[in-house]
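Asks: Quick one: the structure is below, and I'll ask about it shortly.
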Amino acid sequence: MFIQTETTPNPASLKFLPGRVVMEKGTADFRSVKEASNSLFAQNLFKIEGVEGVFFGSDFISITKSDKLDWQILKPSVLGAIADHYESGAPVMNKEVSSEDDATSAKDSDIVKQIKELLDTRVRPAVAQDGGDITFSDYKDGIVFLQMKGACSGCPSSTATLKAGIEGMLKHYLPEVQGVESVMG
């Protein structure tokens, strides 16, 4: 099995591309082995010394490492764990992940529906290229609250991405939007 790797804007995260589907739908973001109870695959990745975050996207896995270890040391172990997982034929998740929190629902206001549509079509594909995801959390008093996930969580450039990129784009299309704030998961 050939697994490609790509750097991300976050020096602590590396994107692994196994050449196969990782998540059929939605994403999964784990910041500890305890959070990974729904994925034996993620639990096995956390067993590798230095792994501090595991993110599953549609066709990639982003791993966030501790500052104590170098990628040259960590990368072979992560590649081995990913190859072992796919050779085993085991599922990525023990049970299906519900991504309904971010999906548009009938009770959403028109502005929230428009925000979610813009995020899904214009923002999330670009953020996925960087090994992460961004999800809608709330909209209140002109402020959009978003959650950065995967390689984007804790990335040095995530504040610039939120303020200069996403906030500017949302304000352009939706004059009701006055600002964008990041929330923690």
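The values are calculated or read from the model by the stated rules, or taken from the named source; none is laboratory data. Only a predicted model underlies this, so the values are computations on that prediction, with no experimental measurement involved. Virtual Cβ from ideal backbone geometry, glycine too; neighbours counted across all protein chains shown. Just so you know, the surface numbers come from the protein's heavy atoms only, side chains and all, with ligands and any DNA or RNA stripped out. Shrake-Rupley method; radii C 1.70, N 1.55, O 1.52, S 1.80 Å.
Asks: Residues with beta-carbon under 11 Å from that of Ser77, excluding Ser77: net charge, scoring Lys, Arg +1 and Asp, Glu -1?
Replies: +1
Asks: Under a Cβ-only charge scheme (Lys and Arg +1, Asp and Glu -1), can you give me the dipole magnitude of the chain about the Cα centre, in debye to the nearest 20?
Replies: In total the dipole reaches around 240 debye.
Asks: For the stretch 111-157, go through all pairs of different Cα atoms, get the mean of 1/r, take its inverse, and jot down that Kirkwood value in Å.
Replies: It is 11.1 Å.
Asks: Angle, helix 71-88 long axis vs. longest principal axis of the chain, Cα atoms, 0 to 90°, nearest 10?
Replies: It is inclined by approximately 90 degrees.
Asks: Let me ask something additional. Report the far tail of the P(r) of the chain, meaning the percent of Cα-Cα pairs longer than 25 Å.
Replies: Value for the chain: 35 percent of Cα pairs lie more than 25 Å apart.
Asks: Which of the aspartates and glutamates could a cross-linker bridge to Lys163, judged by Cα under 19 Å and excluding same-chain residues fewer than eight apart?
Replies: Cross-link targets: Glu117, Asp120, Asp130, Asp133, Asp138, Asp141, Glu176, Glu181.
Asks: Something else: Under the √(5λ) rule applied to the eigenvalues of the Cα gyration tensor, what semi-axes describe the equivalent ellipsoid of the stretch 1-109? Give them in Å, descending.
Replies: Equivalent ellipsoid of the stretch 1-109: 24, 16, 14 Å, largest first.
Asks: Output the pairs from Lys116/Lys149; Lys34/Lys68; Lys75/Lys95 with a Cα-Cα distance over 24 Å in this structure; if there are none, say none.
Replies: Lys75/Lys95
Asks: Just report the Cα centroid separation between the stretch 148-185 and the stretch 109-127, whole Å.
Replies: That distance is 12 Å.
Asks: Measure off, as a whole percent, the carbon and sulfur share of the 1.4 Å-probe accessible area of the chain, all protein chains present.
Replies: On the chain, the fraction of accessible area on carbon and sulfur atoms equals 50 percent.
Asks: Please give the calculated 222 nm ellipticity per residue for the chain, where each DSSP H segment of at least 4 residues contributes -39500 (n - 2.57) and the sum is spread over every residue; nearest 500 deg cm²/dmol?
Replies: -7000 deg cm²/dmol
Asks: Something else about it: Please report, in Å, the Rg and the Dmax of the stretch 128-185, where both are computed over Cα atoms only.
Replies: 11.0, 31
Asks: Tell me which residues come under 5 Å, amide H to amide H, from Phe145 once H is placed; ignore anything under 5 positions away on its chain.
Replies: Amide H neighbours of Phe145: Ser137, Asp138, Tyr139, Lys140, Glu181.
Asks: 7 Å from Cα along Cα→Cβ at both Lys34 and Lys107: what's the point-to-point distance in nm?
Replies: Between Lys34 and Lys107, the label points sit 2.9 nm apart.
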